[in-house]
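Right, one structure below, let's go through it.
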Amino acid sequence: MEYNFQSIEQQWKKYWNEKEIYKISNNSDKPKCYILDMFPYPSGAGLHVGHPLGYIASDIYARYKRLKGYNVLHPMGYDAFGLPAEQYALETGQHPAVTTKENITRYREQLDKIGFCYDWSREVRTSDPRYYKWTQWIFLQLFHSWYDRQQQKARPIKELIAIFSAEGNQNILCPEADQPVFNAAAWQSFPAHEQRAILMKYRLAYLSHAEVWWCEGLGTVLANDEVVNGVSERGGFPVVKKKMNQWFLRITEYADRLLGALDTLDWSDAMKEMQRNWIGKSNGAQVRFALANEHAIEVFTTRPDTIFGVDFMVLAPEHELVPAITTREQQEAVTQYQTYVQSRSERERISEVKQVTGCFTGAYAIHPFSGKQIPVWISEYVLAGYGTGAIMAVPAGDDRDHAFAKHFNILVTNIFGDHYNGENAYSDKQGTLTNSDFLNGLEISVASEAAIKAIEEAGIGVRKVNYKLRDAGFSRQRYWGEPFPIIYQDNIPYTIDEPELNIPDDLRTLPVTLPEVDSYRPGPEGQGPLANISEWVDTPAGPRETNTMPGYAGSSWYFLRYMDPHNDTAFAGRAATDYWQQVDLYVGGTEHAVGHLLYSRMWTKVLYDLGHLSFDEPFKKLVNQGMIQGSSRFVYRYKNDRNVFVSQEQRTAFLERNNINTGKQALENNFDKLHVDVSLVDGVALNIEGFKQWKPEFATAQFIPEPDGQYICTAEVEKMSKSKYNVVNPDDIVAQYGADTFRMYEMFLGPIDVSKPWDTKGIEGVHRFLKKLWRLYYDVQQGWQVTNDEPSAEELRSIHKTIKKTGEDIERFAFNTAISQFMICVNELTALNCHKHAVLEPLTILIAPFAPHLAEELWHQLGYETSVLDAVFPAVEETYIAEQSKKYPVAINGKTRAELELPTDTTQEQVEQAVLADATVQKWLEGKALKRIIYVKGRMINIVV
RNA sequence: GCGGAUGUGGUGAAAUUGGUAGACACGCCAGACUUAGGAUCUGGUGCCGCGAGGCUUGGGGGUUCGAGUCCCUCCAUCCGCACCA
């Protein structure tokens, strides 16, 4: 019997299912290991060969850890709320729940074919009310909490109220700038609605009338990380800033902790750096520049040392001070400029970054030290959303300020002496200052500190840390998401668990379930579809919140739910989270660098602060798998006769025959380049008959082939996508070669973190290997081959070398080299004609994480009743690997000149003697003075002359 | 522009600490068995050279007995951020 992967795989899948081999308990004496994949959004397109790459890697690692004696949690679920299902519902009227369920079924079928060891009894779906009950519950915790900056942790809002009642807010700096200080008496005198308005400015989940990204195309607002290059990440629709009443998460309060803890995480530098940049911490000072009238401009600067180089100031065009300070003469120009800025979309602004525009307000600020008059301008290069929305411009030290000064003929004060050449700003942070009063002659780094000190002493500013990170928008005007457990009573939002709310008890319980709707069209005035269902919206106390939560809500804590997925009294029991702790290994793509991964970290920290968890970082180690790209194929269609297809190399000759000028652009001008389905192409040779049948329009196609009769396509690497006809479905690969071959081939392709195009060709090599492995156990003629003979030294050496190497390789995620080692081992054992049980048993265990079905079959053929997954990863016996002697290359000054066989335990002195006794070496050394002999044990010998 | 990474045969790639560069596989070449091969097996395969030998890890320089690996510099490609004060 040849290696029959189809029946083997079918049989063992059934066995695993029936015996519930992968079901994992929260009670075990074994050490725990939590290995997690980023759960997928179940899209309608299904999986292509790129998707399972990370899943296979984590599956191998999970199986390996099991063999190493760990209790391994390795779950899977679905990020089931999301925009595409709702967009689809808008087009077809199909309920998102229905399409989502269908997609999940399809995903599950595809995943099951690959043989993963997921504990499906722990599956989670974010759209399941039993799940989002706890997403809503966490929202309640966020709402009922504030961030204590002194203790650097979230605390219950009750404790804040107690502090306010006792001492007001003078010791509790408000995260929102416009909150005046009050004392205890004042607090108590405030009416209830005013107290609630103040508390809202402290809550970690808060309602605010603030600028958000509005996307008309999607009919909803988006979070910062969902806007890429001025368009929506999904769909690529334009976005605009709009002031709206929206829920936010106060993630900015966690900026410093999110930043600091990055150092403790085992993530790639690229990933950490992305988060650092997104958080964007910068140190500097906030300085107040008084104007001639009663106003003053607050600026943030990272270069307080350059304060004497301030030649002008710039406000963001939207800055609230602009109307107040603009002079009568400049009024018209300023209004005109503001209108111009507003007319420009985010995308235009980004694409024309280098243009210098601006307008003088007519106002002058007074330099706090020199008293100099400083003109105040507005310009779009100053962003309203960063710092204070105003800058002190130092053209001598900043490129943009310099360009602005040159463009508007503003005189530049040189504060850097010879460093500044009048042509370009000097933005280096080294050198001494000139023209700077009390900072003259100081090194820049020293001057910076001196300037901050002077600023603070003069009472015109303070040392300040600034972040780029913004609070995260948490409202979406959509249907297919978690409803908020919020009801508005007298226009004030209350959570449904608050006693102040006058509602019957049955409205107080979670989850607040998503109602059925007739239409997925948006509600009135930019509201979501839920606003249309008055019977759901209206409660005895007032209307419900009609927005839903964003996609990242459910995915910010799902890794916790897997620990205790069926718990109905908590998001996860404390015993479960204490047992499983952090995710030991998280595998997924880089696309979630600043979204999901940041939000998950924040939520974990909040739950930790509030005492619900014993750890405050969710993902200890993160591995990013690369993308598997598609390899597209193209045919060339003649534009003058759309029935004629010309093979790649024949195009120029074809044009010549038709008397067409073959200039530079000729090929592009005369041929359409069409994607052709990769399955219709063998390498680059087109299957002509298949092509004709592919689409009706090609049925009568004519071909101008190469001289050998083949039609040759061109190839390009692109993203794998349906529209490019380059999608390879894992189902097809599994059907043809089996899941085990598919798994191994994806890993054999190269390091998991590198992106590469899919190429089915090389899969034969891996498949051959599995067939070879099979033949170590079975012979087609003679049947079962395994004997109980004593293994030879050579056989033991081969298998133990492999145990050692593959164990190390799996630990460091070098699955490709581990597979290479298997191939070497099987080749060696085949050459030795080894069919011995004592050798094949450990080999079966080693191979099990990679080719679980085959390993299971072989394991039972070896005579075991239990699953190979319950076996123990074999230990390395170093004595079998150690060599008696070794051939050393002998180099003279680094150049190999001879070879010498020496026992492995040879000492330096013995080596020197042996080397000098060697005839070849003696010949090379003639007439040369020997300096020393370097002996690197097990590696090489080098003679220095 | 800033930040991060990568650069090794025809191809995917190995080389864990500086120690025989190119393991393993694809592809290609030759051969065996075959009616046949897109099956299987064996051998060969970095480049130049008949050969001895020489050259070779993006280019240039450096440290070292010895560099793919460390340092400097330049170039190319990919990813992320981008008027962030």
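Every read-out reported here was derived from the displayed coordinates using simple, explicitly stated rules and does not represent laboratory data. Values in this document were obtained by computation on a predicted structure and should not be read as measured data. When we count neighbours, we look across all protein chains shown, and the Cβ atoms used for this are built from the backbone with ideal geometry, even at glycine.
Panel values: chain A, Kirkwood radius from alpha carbon pairs, Stokes-Einstein at 37 °C and 0.692 mPa s, translational diffusion coefficient 97 µm²/s. In the stretch A:821-891, if every C-alpha pair distance is counted and binned at 5 Å from zero, what percent goes to each bin? Answer for the stretch A:821-891: a P(r) of 3, 13, 21, 22, 17, 9, 5, 4, 3, 1, 0, 0 percent. The equivalent ellipsoid of the stretch A:901-945 has semi-axes of 19, 11, 8 Å, largest first, where each one is the square root of 5 times an eigenvalue of the Cα gyration tensor. Mind grabbing the base-10 log of I(q)/I(0) for the stretch A:752-811 at q = 0.18, 0.20 Å⁻¹? Debye formula, identical points on the C-alpha positions, no solvent, two decimal places. For the stretch A:752-811 at q = 0.18, 0.20 Å⁻¹, log10 I(q)/I(0) is -0.97, -1.05.
Taking the number of other C-beta atoms within 10 Å as the exposure measure, put A:Glu899, A:Glu482, A:Glu617 in order starting with the fewest.
A:Glu899, A:Glu617, A:Glu482
Each residue of the stretch A:228-243 was assigned a 3J(HN,Hα) from its phi angle through the Karplus curve 6.51 cos²θ - 1.76 cosθ + 1.60 (θ = phi - 60°); the sequence is 10, 6, x, 10, 5, 4, 8, x, x, 7, x, 10, 10, 7, 8, 8 Hz, with glycine and proline shown as x.
All alpha carbon pair distances within the stretch A:289-333 were sorted into 10 Å bins beginning at 0; the resulting P(r) in whole percents reads 20, 53, 24, 3. The calculated 222 nm mean residue ellipticity attributable to helices in chain A amounts to -10000 deg cm²/dmol, summing -39500 (n - 2.57) over DSSP H runs of n ≥ 4 and dividing by all residues.
Checked against a 25 Å cut-off, the cross-linked pairs A:Lys771/A:Lys836; A:Lys30/A:Lys605; A:Lys692/A:Lys724; A:Lys30/A:Lys801; A:Lys761/A:Lys805 give Cα-Cα distances beyond that limit for A:Lys30/A:Lys605; A:Lys30/A:Lys801; A:Lys761/A:Lys805.
Rank the residues A:Val646, A:Val181 as a footprinting-exposure proxy: fewest other Cβ atoms within 10 Å of their Cβ go first.
Numbers: A:Val646 23, A:Val181 12.
Going from least to most buried by this count: A:Val181, A:Val646.
Given +1 at the Cβ of Lys and Arg, -1 at the Cβ of Asp and Glu and no other charges, the dipole of the stretch A:814-941 around its Cα centre is 1040 debye to the nearest 20.
Each Lys or Arg adds one and each Asp or Glu takes one away; over the other residues whose Cβ falls under 13 Å from the Cβ of A:Phe691, this sums to 0. Across every direction, the projection of the convex hull enclosing the Cα atoms of the stretch A:821-945 has a mean area of 10.3 nm². With contacts taken as Cα pairs under 8 Å and at least 6 residues apart, chain A reaches a relative contact order of 13 percent.
Considering only alpha-carbon pairs that sit under 8 angstrom and 6 or more positions apart, the relative contact order computed for the stretch A:513-656 is 15 percent.
Peptides A:767-775, A:931-939, A:669-677: what's the order by average Cβ count within 10 Å, highest mean first?
Numbers: A:767-775: 18.4, A:931-939: 13.0, A:669-677: 16.6.
Result, highest mean first: A:767-775, A:669-677, A:931-939.
Evaluating 6.51 cos²θ - 1.76 cosθ + 1.60 at θ = phi - 60° for every residue in the stretch A:602-607, the Karplus couplings come out as 5, 4, 4, 5, 5, 5 Hz, glycine and proline recorded as x.
Both radii come from the Cα set of the stretch A:456-574: Rg as radius of gyration, Rh as Kirkwood radius; their ratio Rg/Rh reads 1.12.
Over all Cα atoms in the stretch A:40-90, the spread is summed up by Rg and Dmax: 15.3, 50 Å.
What does the charge count around A:Ala45 come to, taking other residues whose C-beta lies under 11 Å from its C-beta (Lys +1, Arg +1, Asp -1, Glu -1)? Please list the in-between numbers first.
Working: positive: A:Arg106, A:Lys722; negative: none.
Here the charged neighbours net out to +2.
With a Cα cut-off of under 26 Å and a minimum spacing of 8 residues unless on different chains, the lysine pairs in the stretch A:86-241 number 8. Of the cross-linked pairs A:Lys32/A:Lys620; A:Lys272/A:Lys429; A:Lys68/A:Lys804, those separated by over 19 Å at the C-alpha level are A:Lys272/A:Lys429. Other residues whose C-beta falls under 13 angstrom from the C-beta of A:Gln338 contribute a net charge of -3, scoring Lys and Arg +1 and Asp and Glu -1. Can you give me the C-alpha center-to-center distance between the stretch A:298-368 and the stretch A:797-860, rounded to a whole angstrom? The two parts, judged by their Cα centres, are 68 Å apart.
From largest to smallest, the equivalent ellipsoid semi-axes obtained for the stretch A:367-464 from the alpha-carbon gyration tensor read 21, 19, 13 Å. Packing, as the average of other Cβ atoms within 10 Å across residues, places the peptides A:622-632, A:315-325 in the order A:622-632, A:315-325, highest first. Ranking of A:Arg478, A:Arg125 by neighbouring Cβ atoms within 10 Å, starting from the fewest: A:Arg125, A:Arg478. What the Kirkwood sum gives for the stretch A:717-830 is a hydrodynamic radius of 16.2 Å, with every pair of different alpha carbons counted.
If the chain between A:Thr866 and A:Thr652 were fully stretched, how many nm would it gain, using 0.36 nm times the residue separation less the Cα-Cα distance? Present the calculation step by step, with values, prior to reporting the outcome.
Working: separation 214, 0.36 × 214 = 77.04 nm, distance 6.60 nm.
That works out to 70.4 nm of additional length.
The angle separating the long axis of helix A:837-847 from the principal Cα axis of greatest extent in chain A is about 20 degrees.
Estimated translational diffusion coefficient (Stokes-Einstein, Kirkwood radius over Cα pairs, 4 °C, 1.567 mPa s) of the stretch A:1-126: 80 µm² per second.
Kirkwood-based Rg over Rh for the stretch A:119-193 (C-alpha set), two decimals? Before the final figure, lay out the partial values.
Numbers: Rg = 18.0 Å, Rh = 15.0 Å.
Taking Rh as the inverse mean 1/r over Cα pairs, Rg/Rh reads 1.20.
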